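Below is one structure; the comments refer to it alone.
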Amino acid sequence: MNISIGIDIGTTQTKAVAFDEQAQVIDSAYFPYPLIQEQPGMAEQDQELIFHAVCTVIQQLTERFSKEATIDVISFSSAMHSLILCDEQMVPLTRMITWADTRAVEQAERLKNTPLGLSIYQQTGTPLHPMTPFAKIKWLQETQPELIERTAYYIGIKEYIIYRLFGKLITDYSTASGTGYFDIHQFRWTKEVLDYLNISEKQLPEIAPPTMEMPKLQAEMQEILKLENDISFVLGGADGPLSNLGLGAFGEDIAALTVGTSGAIRFITDHPQLHPDMETFCYVLDQSHWVVGGATSNGAGIFDWASQTLMQEVTQQAIAQGDNPYDALLSAIAFVPPGANGLLFQPYLLGERAPLWDAEASGSFLGLQRHHTEKEMMRAILEGICLNLKRILEGICQEGQLSELRATGGFARSYVFRQLMADVLGYPLVFPAVSEASALGAVFLGWQSLGKIKELNEGKKWIKLETQVPVQKNIHEIYEIIYPTFVDTQQQLTSTYKRLAHLRQSLART
């Protein structure tokens with residue numbers, strides 16, 4: 001038996017997933033790690049622990065197949081927008097600063113409505129936001145100049161892992177796209193942005209196509225991992241674009257919807273597409289494909305907050321009975337009517353990326369009256385998550401463009417949540433059988449590198465569709481009435497977020 005392995009280096013864990021020649025999952029290994037949040041806005045991780053995680057899951061998975069299978073290829077996927085500063089010997093000077101870190105908010109906001117900011121977006125396809133290494137570098141230059149003086153290289157977690165394994169400082173197109181200083185038209189680092197940051201190309205990784213086959217493992221890593229020399233290692237890409245590949249969402253008529261702790265909607269196109277108001281991103285996948293979409297920081301993770309804040313009695317009772325508390329909560333609100341009796345929720349508890357790109361955004365209940373109960377508040381929270389994703393969908397797609405939404409993520413486990421999502425978005429949701437979409441997308445790149453497939457869209461033939469959630473037309477019509485008010489209030493509240501952030505800071509100092 002021949003197998004292929006996708007390594008998915010995520011924000012909360014690293015996964016190694018083994019697929020057979022029909023792209024079916026046959027085994028997997030996981031290694032979780034924590035997020036370090038020692039001060040407001042901080043979201044860092046220990047890159048040494050993540051490197052250990054990558055080695056561990058590779059060892060665990062390959063050992064299981066050492067006698068009964070041949071490993072053809074191992075390919076990599078990773079989360080985007082991370083930053084590690086290294087010295088001349090490639091020794092890290094910082095922990096990994098993740099996409100969720102918001103301490104560079106001032107540096108990002110400063111450029112938003114300027115000609116330079118627009119030029120940067122038009123060249124890089126990346127909205128101005130503190131998530132980007134671009135904003136993080138500027139923040140570190142202004143707050144820790146002594147650290148910058150010691151810095152020889154600016155890299156992300158994927159580049160660090162690849163360097164440790166193969167001794168080569170290199171990145172792929174889609175991972176480079178998340179930096180905020182990669183030209184998505186010319187496939188090179190953007191001179192205008194590098195000049196603004198006063199850094200050079202020599203301080204950044206080499207850029208390569210995602211199908212590039214890596215050199216042999218370094219001798220030390222060969223000994224640690226105990227792998228055969230005939231295994232092909234392929235550079236791979238970033239998790240968002242690869243999720244589209246793994247879901248079979250290829251082409252402008254099929255979008256991928258991912259809703260876990262955060263969320264995103266993306267589609268693949270054959271040319272760059274930019275938003276006039278910089279609301280969406282456009283990242284490179286390979287030499288002839290781009291991924292257009294929007295990512296929200298406020299996905300099902302907001303429901304986690306709500307479950308710990310509202311309806312605690314239902315949660316505690318479910319736990320005491322050995323039931324899933326989320327199922328109990330969702331069952332309890334299933335009969336609350338659409339629109340939660342006139343209650344709206346703007347779900348920006350974690351700031352926001354698309355469509356606002358405002359790290360200082362905050363959540364709001366609107367229309368709250370005395371007769372509203374916790375159940376209606378919970379329903380409004382779920383609807384707010386879905387309505388915000390509809391706003392993102394309308395920002396990336398033209399009317400009539402889509403025929404299908406292929407969905408994945410933790411929300412799929414709830415009938416109530418996924419039906420609500422279909423009714424709000426107005427598209428049937430199709431759930432492929434495979435849940436490890438980014439790892440499978442990495443494997444498809446590996447197969448293209450080895451010549452097993454010629455074009456990436458060939459991967460669609462291996463995708464098995466498992467469940468379809470239809471739109472309830474009468475319910476969708478109600479949400480079509482609600483949606484304009486959601487958008488209007490969203491836009492009106494935008495002007496208050498900075499003042500509220502300053503108020504919170506002032507109160508924290510008293």
Fill in the blank from the handout: At the level of C-alpha centres, the distance separating the range 385-439 and the range 53-74, in angstrom, is 33 Å
Handout entry: Gap separating the Cα centres of the range 191-219 and the range 456-481, nearest whole Å
Key = 38 Å
Handout entry: Calculated Rg and Dmax of the chain using C-alpha coordinates, Å
Key = 22.5, 69
Exercise for the section: Just the number, please: carbon plus sulfur as a percent of the accessible area of the chain, 1.4 Å probe, no ligands or DNA/RNA counted. Expected result: 49 percent
Handout entry: Segment residue 106-residue 403, length gained on full extension (0.36 nm per residue, minus Cα span)
Key = 102.9 nm
Practice task
Sort 168, 112, 136 from largest to smallest accessible area, using a 1.4 Å probe on the heavy atoms of the protein chains.
Solution key: 168, 112, 136
Handout entry: Extreme residue, positive dipole direction of the chain, given options 332, 386, 121 (C-beta unit charges)
Key = 332
Fill in the blank from the handout: Checking rank on 189-200, 93-104, with mean other Cβ inside 10 Å and highest first, the result is 93-104, 189-200
Completion exercise
Where a ≥ b ≥ c are root eigenvalues of the Cα gyration tensor, a/c under 1.5 meaning rounded, otherwise prolate if a/b exceeds b/c and oblate otherwise, the range 146-259 counts as oblate
Practice task
Sum -39500 (n - 2.57) across every DSSP H segment of at least 4 residues in the chain, then divide by the residue count to get the 222 nm mean residue ellipticity, nearest 500.
Solution key: -12000 deg cm²/dmol
Handout entry: Residue order for 207, 478 - accessible surface, 1.4 angstrom probe, largest first
Key = 478, 207
Handout entry: Pairwise FRET efficiency - residue 474 versus residue 143, Cβ, R0 = 45 Å, nearest 0.05
Key = 0.25
Handout entry: Length-normalised contact order of the range 17-78 in % [C-alpha pairs under 8 Å, at least 6 apart]
Key = 26 percent
Problem - Lysine pair number, Cα distance threshold 13 Å (strictly under), the range 2-241, separation 8 or more or different chains - result: 4
Practice task
Hydropathy first: keep DSSP H helices in the chain averaging at least -0.5 on Kyte-Doolittle, then drop any whose Cα extent along the axis falls short of 27 Å, and list what survives.
Solution key: 374-396, 473-494
Fill in the blank from the handout: For residue 481 and residue 13, extending 7 Å from Cα along the Cα-Cβ vector and measuring point to point gives, in nm, a value of 4.3 nm
Exercise for the section: Could you check what % of the DSSP bridge pairs in the range 2-241 are antiparallel, to the nearest 5? Expected result: 60 percent
Exercise for the section: Report the relative contact order of the chain, percent, no decimals, based on alpha-carbon pairs under 8 angstrom and at least 6 residues apart. Expected result: 15 percent
Problem - Assigned charges on the beta-carbon of Lys, Arg, Asp, Glu; the chain dipole about Cα centre (debye) - result: 620 debye
Exercise for the section: Just need the relative contact order of the range 2-241 here, percent rounded to a whole number, with Cα pairs under 8 Å and 6+ apart. Expected result: 20 percent
Problem - the range 87-102-the range 108-160 distance, computed between alpha-carbon centres (Å) - result: 13 Å
Problem - Fraction of antiparallel bridges per DSSP, the chain only, in percent to nearest 5 - result: 65 percent
Practice task
Quick one: order 454, 67, 216 from most to least accessible surface, probe 1.4 Å.
Solution key: 67, 454, 216
Fill in the blank from the handout: In Å², rounded to a whole number, the accessible area per residue of the range 251-330 with probe 1.4 Å is 38 Å²
Exercise for the section: Please give the residues of the range 388-404, grouped as numeric ranges, whose backbone N is less than 16 Å from a label point set 7 Å along the Cα-to-Cβ vector of residue 465. Expected result: 402-404
Problem - Top positive-direction residue, dipole computed over the range 2-241 with Cβ charges, set 59, 209, 143 - result: 143
Practice task
Assign one of three labels to the range 420-506, namely rounded, prolate or oblate, based on the Cα gyration tensor with a ≥ b ≥ c the square roots of its eigenvalues; rounded applies when a/c is under 1.5, prolate when it is not and a/b is larger than b/c, and oblate otherwise.
Solution key: oblate
Handout entry: Accessible surface, the range 2-241, averaged per residue in Å² (probe 1.4 Å)
Key = 39 Å²
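The values are calculated or read from the model by the stated rules, or taken from the named source; none is laboratory data. Source: prediction; values computed, not measured. Here Cβ is always computed from backbone atoms with ideal geometry, including for glycine, and neighbour counts include all displayed protein chains. Ligands, DNA and RNA are excluded from the accessible area calculation, which covers all protein heavy atoms including side chains. Shrake-Rupley method; radii C 1.70, N 1.55, O 1.52, S 1.80 Å.
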